[in-house]
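Read the structure below first, then the notes.
The values are calculated or read from the model by the stated rules, or taken from the named source; none is laboratory data. Since the structure is predicted, the reported quantities are computational estimates derived from the model, not experimental observations. Positions of Cβ are generated from backbone atoms using ideal geometry, with glycine treated the same way; all protein chains shown enter the neighbour counts. We work out accessible area using only protein heavy atoms, side chains counted, and drop any ligands, DNA or RNA first. Shrake-Rupley method; radii C 1.70, N 1.55, O 1.52, S 1.80 Å.
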Protein chains: 2
Amino acid sequence: MQNTYAIGIDVGGTNTDIGLVRDDSKIISRCSLPTGNYSLLEPYVADIMEQIKAMTEKGDPEKGLAAIPISELTGIGMGAPNGNFYTGCVEWAPNLTIKGLLNFEEEFHKYVDIPVVLSNDANAAAYGEYVYGGAKGMNHFIMITLGTGVGSGIVVDGRLVHGSTGTAGELGHNILIPNGRRCSCGRRGCLEAYTSARGIVQTYNELRKEMGVPQEASHMAGWISPDIEDKDVTCKMIGDAANAGDTLAKETYRRVGEWLGLACANACTFSAPQAIFLMGGPTKVGEPLLGPLRESFEANLLNIYKGKCEIIMSQLAANEVAILGAAALIKLK
Amino acid sequence: MQNTYAIGIDVGGTNTDIGLVRDDSKIISRCSLPTGNYSLLEPYVADIMEQIKAMTEKGDPEKGLAAIPISELTGIGMGAPNGNFYTGCVEWAPNLTIKGLLNFEEEFHKYVDIPVVLSNDANAAAYGEYVYGGAKGMNHFIMITLGTGVGSGIVVDGRLVHGSTGTAGELGHNILIPNGRRCSCGRRGCLEAYTSARGIVQTYNELRKEMGVPQEASHMAGWISPDIEDKDVTCKMIGDAANAGDTLAKETYRRVGEWLGLACANACTFSAPQAIFLMGGPTKVGEPLLGPLRESFEANLLNIYKGKCEIIMSQLAANEVAILGAAALIKLK
C-alpha cells in the first residue's frame with residue numbers, strides 16, 4: 001500500500017460525520033450517523049465501527065485497492081465538543097445526548113489496536129488547515145471558527161496548543177468587553193457573545209430597535225422584512241441583506257468586524273502568528289465582515305506586529321474541513 | 001570540570017548586569033556596566049568581554065577551580081529590550097542609548113565561539129523561573145513582570161513562545177479596556193496602561209482628585225502626604241500606604257488587582273497554563289494587590305479552567321532573576 005488512510009470523525013450535536021481519508025487529503029468515502037439517537041457510548045461506538053468497516057471494505061478503487069484492512073489504518077481522529085487530547089475522553093459536553101465522561105479511546109480499543117486521537121472541533125479544524133490546507137508550512141497561526149459558538153485552535157512551533165488541561169485555545173471566551181453582553185458561558189463580554197451567529201443576530205435586533213428598519217426593505221431582494229420577529233432573524237439573512245446593501249445589516253457586520261479585529265490583534269500579543277484563519281457560516285458574508293475586520297485589526301495591532309500577520313479565510317472546503325481536521329489529528333500521536 | 005558555567009547578561013536602560021552562573025543556579029560573581037555611557041555596539045561588547053574575562057579568571061574557589069576558560073562556558077545569554085531570539089539582535093530598543101539594529105550574536109562571535117542567545121527581559125525571566133525557580137517541571141505557565149512597563153513570557157509545552165516574529169508574549173499590550181486609557185505604545189486600553197508602575201500612580205492620582213485625601217494621612221507612618229504633587233507620587237509610596245491602611249492606596253491596588261485578574265483569566269483561554277507567575281516592584285506590595293487579583297481571577301475565569309491555574313509570586317530573588325533568566329536562555333539553543 002503506497003498511500004496511507006485514516007478515519008476522521010466529526011462529532012456534532014446533530015450529526016456524526018465519518019470519513020475515510022487518504023493521505024493526499026482526499027476523502028474516499030463518507031457517511032453520517034444521527035448523534036442525537038444515542039444516549040450511551042457503547043452502541044454509538046459500535047455503530048461507528050460498523051460504518052468504518054463498511055467504508056474500508058469498499059477499498060480505494062481510484063488506487064486499485066479492493067479493501068483496506070482496518071488494522072492498517074493510521075488511526076482514528078475525532079473532533080468533538082470538549083474532546084480532551086490528553087485523556088482521549090469527551091468530558092461532559094453540554095450539547096451531546098450521550099452524557100458524562102466518555103472514554104472514546106478505550107471504547108475504540110475494544111475493536112481496533114490503532115491510535116485514537118481526540119481534540120475539540122476547532123483544534124481539529126486548525127490542525128486540518130495545517131496538514132491539508134492554507135496553513136501548510138506555517139509554524140505559528142491561529143484558527144478562529146464562527147458558528148453557534150466561537151472556537152479557536154492555536155498552533156505554536158508547529159504544534160497544537162493543548163495547555164496543561166488539554167482544553168487550551170478557547171479564544172471565544174476571552175473577555176473582550178469587560179462587563180459587556182451576557183455570554184452562553186454565564187460570564188459577560190466574551191468574544192463569542194459578539195461574534196457567534198447568535199451574537200450577530202442579537203446585534204441586528206438591537207440595532208433595528210434602536211434605528212428602525214426602512215419600510216422599503218421588504219420590497220427588495222435579499223433584504224430582511226421589517227415585519228419579521230426577532231426570533232426569526234437568522235445570521236444567514238443578515239449576511240445576504242448586508243451584501244444586498246441593507247444599512248442595518250451592514251452596520252451589524254461592521255461592528256462584528258470591529259470586535260473580531262480587536263480580538264485578532266490581542267491574539268497577536270500572545271503568539272505572534274503568521275496568519276489568523278477564519279471559518280464558519282458567519283464568515284461567508286465576505287467583505288461586509290472582512291473589510292471592517294481588517295481595518296480594526298490594523299488599528300488595534302501593536303506596532304511590532306504590523307505587516308507580519310494576515311487574516312485569511314480557511315482554504316479547505318466547508319463540508320470537508322471537519323473530517324480532514326479530525327483525520328489530521330492522528331499526526332499528533 | 002564537573003559543573004558547567006554560563007554568562008547571563010541583563011541589559012537595562014541604566015545598567016548592564018553581568019553574571020557568571022554555575023549550573024546549580026549559583027551566581028559565582030557579578031558586575032555592572034553603565035549602559036547609558038555607550039552609543040555604539042562595538043565598545044559596549046568589548047567592555048562586556050573584559051568583564052567576562054575578569055570574572056572567569058577568578059574561577060570558582062568554592063569548587064576549587066582556579067580559572068574557567070571562556071571557551072568552555074556553555075554560552076552567553078542576554079535578556080534585553082526588543083531582544084530577538086531568532087536573529088540574535090536587539091531591534092531598535094527605544095530606551096537604549098545604543099540605537100538601531102544591534103547584532104549582538106555576531107559581535108560576541110568576534111571574541112568567542114560559544115552560543116550567544118538573546119530574548120527580551122520578560123522571556124528571560126520566565127525561562128529563568130522554568131530552569132531555576134518555581135516553574136521547574138511545569139510545561140505550561142506564564143510570567144508577567146510589572147515595572148515601568150508590563151512584560152510577559154509564555155511557556156507552552158516546555159518551550160518559550162517566540163512566535164513567527166521572535167517577539168511574541170507581549171501581554172502588557174493586550175487591550176484590556178477598549179478605548180481605555182492611553183498607553184505608552186500610543187494605543188488605548190492596554191494592560192500596561194493600568195498595571196505598570198506608571199499606571200498605578202495614575203490611578204492613585206485620579207482617585208485622589210476624585211475622592212480627596214484625608215488630611216490625617218500626613219500624620220501617619222507609611223501614608224502619603226495630602227500635599228504631595230502628582231509627579232512626586234511613586235508606586236512604592238502607594239504600596240507602603242496601602243499596607244499602612246490608607247483607603248485611597250488600598251482602592252488603587254484593588255483596581256490594579258481587578259484589572260490584572262481579568263488579564264490573567266483571559267490568558268488562560270489561550271494556553272491553559274498551570275500557573276501564572278508575577279514579579280517586579282509593584283507586586284511587592286503583597287496582599288493589597290494579591291487579594292483583589294485572585295478574587296478577580298476567579299470571577300473572570302472560564303469554568304473549565306477553575307481550580308487548574310494558580311497565581312504565584314516568582315520564586316527567584318529579585319536581584320538574581322534577570323541574570324539567572326538570561327543564563328537559562330542558553331538551554332534553548
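Of the set (1) out of contact with any Gly (no Cβ under 8 Å at 6 or more places or on another chain); (2) within 14 Å of chain B (Cβ to nearest Cβ), all apply to A:Glu107 but (2). Within segment A:24-48, restricting attention to residues that are modelled with pLDDT of 95 or more and of a type in the set (Asp, Glu), the residue that is farthest from A:Gly325 (Cα to Cα) is A:Glu42. Residue pairs whose Cβ atoms lie under 6 Å apart, sitting 6 or more positions apart in sequence or on different chains, and linking a residue in segment B:41-68 that is closer than 20 Å to B:Thr16 by Cβ to a partner that is open to solvent by 10 Å² or more (accessible area, probe 1.4 Å) and β-branched (Val, Ile, Thr), are B:Thr56/B:Ile70.
Is it true that some residue in segment A:206-217 is in contact (Cβ under 8 Å) with a residue 24 or more places away in the chain and either within 22 Å of the chain's Cα centre (by Cα) or facing chain B (nearest Cβ under 8 Å) (or both)? Outline the logic, then answer.
Taking segment A:206-217 first, the residues in contact (Cβ under 8 Å) with a residue 24 or more places away in the chain are A:207-208, A:211, A:213-214, A:217.
Going one step further and asking which of them are either within 22 Å of the chain's Cα centre (by Cα) or facing chain B (nearest Cβ under 8 Å) (or both), we end up with none.
Within segment A:206-217 (the criterion being in contact (Cβ under 8 Å) with a residue 24 or more places away in the chain and either within 22 Å of the chain's Cα centre (by Cα) or facing chain B (nearest Cβ under 8 Å) (or both)), the answer is no, since none of the residues qualifies.
Exactly one residue out of B:Arg181, B:Arg187, B:Arg159 is within 14 Å of another protein chain (Cβ to nearest Cβ), of a type in the set (Lys, Arg), open to solvent by 10 Å² or more (accessible area, probe 1.4 Å) and touching a Lys or Arg at 6+ places or on another chain (Cβ under 7 Å), and it is B:Arg181.
State all residues of segment A:293-319 that are within 24 Å of the chain's Cα centre (by Cα), among the β-branched types (Val, Ile, Thr) and farther than 12 Å from A:Gly257 by Cα; if no residue qualifies, say none. Residue satisfying the conditions is A:Ile312 alone.
Can you go through B:Glu170, B:Glu105 and tell me which one is under 23 Å from B:Thr195 (Cα atoms) and either over 14 Å from the mean Cα position of the chain (by Cα) or open to solvent by 10 Å² or more (accessible area, probe 1.4 Å) (or both)?
On the way: B:Glu105 fails: under 23 Å from B:Thr195 (Cα atoms).
Step by step, each of B:Glu170, B:Glu105 is checked, and only B:Glu170 is under 23 Å from B:Thr195 (Cα atoms) and either over 14 Å from the mean Cα position of the chain (by Cα) or open to solvent by 10 Å² or more (accessible area, probe 1.4 Å) (or both).
The criterion of at least 1 residues that are open to solvent by 10 Å² or more (accessible area, probe 1.4 Å) and of a type in the set (Phe, Trp, Tyr) is met, among helices (runs of 4 or more DSSP H) falling completely within segment A:244-333, by A:247-271.
Can you confirm whether segment B:236-243 contains a residue that is more than 21 Å from the chain's Cα centre (by Cα) and open to solvent by 10 Å² or more (accessible area, probe 1.4 Å)? Checking segment B:236-243: at least one residue is more than 21 Å from the chain's Cα centre (by Cα) and open to solvent by 10 Å² or more (accessible area, probe 1.4 Å). For segment A:86-101, the criterion of being open to solvent by 20 Å² or more (accessible area, probe 1.4 Å) and within 22 Å of A:Asp23 (Cβ to Cβ) is met by none of the residues.
For segment B:134-150, the set of residues classified as buried (at least 22 other Cβ atoms within 10 Å of the Cβ) and at pLDDT 95 or above consists of B:Ala135, B:His140, B:Phe141, B:Ile142, B:Met143, B:Ile144, B:Thr145, B:Leu146, B:Val150, listed by residue number.
Against the condition without any contact (Cβ under 8 Å) to a residue 40 or more places away in the chain, open to solvent by 10 Å² or more (accessible area, probe 1.4 Å) and not polar (S, T, N, Q), how does A:Val112 come out, does it pass? No: the conditions fail for A:Val112. For the residues A:Ala122, A:Ala135, the requirement of being within 14 Å of chain B (Cβ to nearest Cβ), over 12 Å from the mean Cα position of the chain (by Cα) and in contact (Cβ under 8 Å) with a residue 24 or more places away in the chain singles out A:Ala135.
Of the strands (runs of 3 or more DSSP E) contained entirely in segment B:1-78, those carrying at least 3 residues that are under 24 Å from B:Leu101 (Cα atoms) and open to solvent by less than 20 Å² (accessible area, probe 1.4 Å) fall at B:5-11. Any residue at all in segment B:240-260 that is within 13 Å of chain A (Cβ to nearest Cβ) and touching a strand residue (DSSP E or B) at 6+ places or on another chain (Cβ under 8 Å)? For segment B:240-260, residues within 13 Å of chain A (Cβ to nearest Cβ) and touching a strand residue (DSSP E or B) at 6+ places or on another chain (Cβ under 8 Å): present.
Could you check how many residues of segment B:228-243 are in a helix (DSSP H, G or I) and either closer than 30 Å to B:Asn303 by Cβ or of a type in the set (A, V, I, L, M, F, W, C) (or both)? The number of residues fulfilling the criteria is 5. Among the residues of segment A:279-311, those identified as away from chain B (no Cβ under 14 Å), in contact with a Leu (Cβ under 9 Å, 6 or more places away or on another chain) and over 21 Å from A:Asp17 (Cβ atoms) are A:Leu289, A:Leu290, A:Pro292, A:Leu293, A:Ile311. Selection of segment A:139-156 for residues being touching a helix residue (DSSP H, G or I) at 6+ places or on another chain (Cβ under 7 Å), within 12 Å of another protein chain (Cβ to nearest Cβ) and in a loop (DSSP other than H, G, I, E, B) yields only A:His140.
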